[in-house]
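The values are calculated or read from the model by the stated rules, or taken from the named source; none is laboratory data. These figures come from a predicted structure and were not determined experimentally. Note that each Cβ is placed from the backbone with ideal geometry, even for glycine, and that neighbours are counted across all protein chains shown. With ligands, DNA and RNA removed, areas are computed over all heavy atoms of the protein, side chains included. Shrake-Rupley method; radii C 1.70, N 1.55, O 1.52, S 1.80 Å.
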Amino acid sequence: EIYDALETLGSFYRQFLSSGSNEVTLKTEIEIIQNYLKIQKLRYGDIFEACYDVDESCLQVMLPKLILQPIVENSIYHGIRLKGERGIIRISVRREEDSVWVEVMDTGVGMSEGRLKQVMADDSKGFGLRRTLERFRYYVGSQGDCHVESREGEYTKVILRIPENVIRESENTRNIK
């Protein structure tokens, strides 16, 4: 178990550092999440289940490094852990309507509309969500989209849309047009 933990931690940091690159494939970002969640399971035990629904045709799409990991981290720390019962973190990726859609949803405590506005306005509370979404918006430009849905006591969902005209894939980093 200790050996597996050290292997996971080593893999996490290798992917985290990504040879200094600012971009990674969606496949790499998901592997970072998987390793991160293995580490968190060692820390918190069985308080969450991770589910993945990923369209494999999207795996080579490039993203800014560490866009999804902070969102998943928030799912644990500010959602599931506070609810006090086993929760689900679901990562979904699909190609639809000339865009790639990425969703991270958790069944944690959720937020009221007022609390969500407060979190998005004041990032000093440690959520990091606003800054993560700002980095994503900068990457995709005005044609991309990201937003957060939440229902207090039930869930929080972060939805990212990468429009076709900014999608870059790792193979020759070609534009899809």
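Just a yes or no: is a residue in the range 111-127 closer than 23 Å to LEU6 by Cα and open to solvent by 20 Å² or more (accessible area, probe 1.4 Å)? No - not one qualifying residue is present in the range 111-127. Tallying residues that are touching a strand residue (DSSP E or B) at 6+ places or on another chain (Cβ under 7 Å) and modelled with pLDDT of 90 or more within the range 146-177 yields 13.
Taking the criterion of being among the charged types (D, E, K, R) and modelled with pLDDT under 90, the residues of the range 105-136 that qualify are ARG115, LYS117, ASP122, ASP123, LYS125, ARG130, ARG131, GLU134, ARG135. Among the candidates TYR52, TYR36, the residue that is under 14 Å from the mean Cα position of the chain (by Cα), within 21 Å of THR132 (Cβ to Cβ), aromatic (Phe, Trp, Tyr) and open to solvent by less than 30 Å² (accessible area, probe 1.4 Å) is uniquely TYR36. Being without any contact (Cβ under 8 Å) to a residue 60 or more places away in the chain and surrounded by fewer than 16 Cβ atoms within 10 Å (Cβ to Cβ) is a condition met by no residue of the range 58-76. Look at the range 164-177: where a residue is open to solvent by less than 60 Å² (accessible area, probe 1.4 Å) and a partner is modelled with pLDDT under 50, sitting 6+ places away or on another chain with Cβ atoms under 6 Å, you get GLU164/ILE176; ILE167/ILE176.
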